[in-house]
Amino acid sequence: MLRATAKQLLPTTITGSLPRPSWYTETMGLKSFLQAIAAAALLALPASWASAEPLTAAAVEKWLAGYERAWESRDAARAAELFTPNASYHEMPFDAPKAGQAGIREYWSSVTADQRDIDFKSQVVAVNGQTAVAHWSATFTATSTGARVELDGVFVLTFDSSGRCTELREWWHLKP
C-alpha cells in the first residue's frame, strides 16, 4: 500500500488477474467455441495421463458406436462392458459417480427402463493422450408420458490401453 493513500478509500476496477491464462489472450482461430474449450481442457491435463500408445479418434468413434448400440438397445450389460471393472461414471457433476461396472449396469437398467425409440448420435471433438471429448445428442420417447425427449451433451472420456473407459464425465441439457 502506498503511504500517500494508506487511509483513503479509492475506487477500483478488477479487470482480470495478471498474468492472464493463455485461453484468455489467444484467439480461437477457425475453431468452434466447443473445439477451443475442449482443446484448452485437454492441454491442461497432467502429462502423467498420457501413455506410450495414444488414443486415436477412430478408437473413440468405435467406443461411441458401442455406446450407441447399448443405449439404443437398452442393454445395460453391453453398456457396462464398455467400461473397466473399477470405472467411474459421472452423470451429474454434483452427484456421486456410479462406481464400477456393477454401478454402471444398475444405473443404465433404471435410466433406460422408460425409454423407447432411442436415437443416439455422437462426434469426437478432441483427443489428447488417453482422454477424449465428444459431443452427443439423443432423442427418445418416455413411455410413462408418451413425450418425445431431446438431449444434447458432452462427454469427457478417459480410456485405458485396452480401449475401455476408466472415467466418463458428462454434461447434458434437456430441450424444453
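Taken together, the values in this text are just the output of simple stated rules run on the coordinates, not laboratory data. In this text the structure is predicted, and so the values were computed from the model without any measurement. Every residue, glycine among them, receives a Cβ derived from its backbone with ideal geometry; neighbour counts consider all protein chains shown.
The figures follow:
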| item | result |
| --- | --- |
| All aspartates and glutamates inside 13 Å of residue 121 as judged from Cα atoms, apart from same-chain residues fewer than 8 positions distant | 61, 68, 72, 150, 152 |
| Segment residue 143-residue 161, length gained on full extension (0.36 nm per residue, minus Cα span) | 2.6 nm |
| Residue 174 paired with residue 113, simple spin-label distance in nm, labels 7 Å along Cα-to-beta-carbon | 1.7 nm |
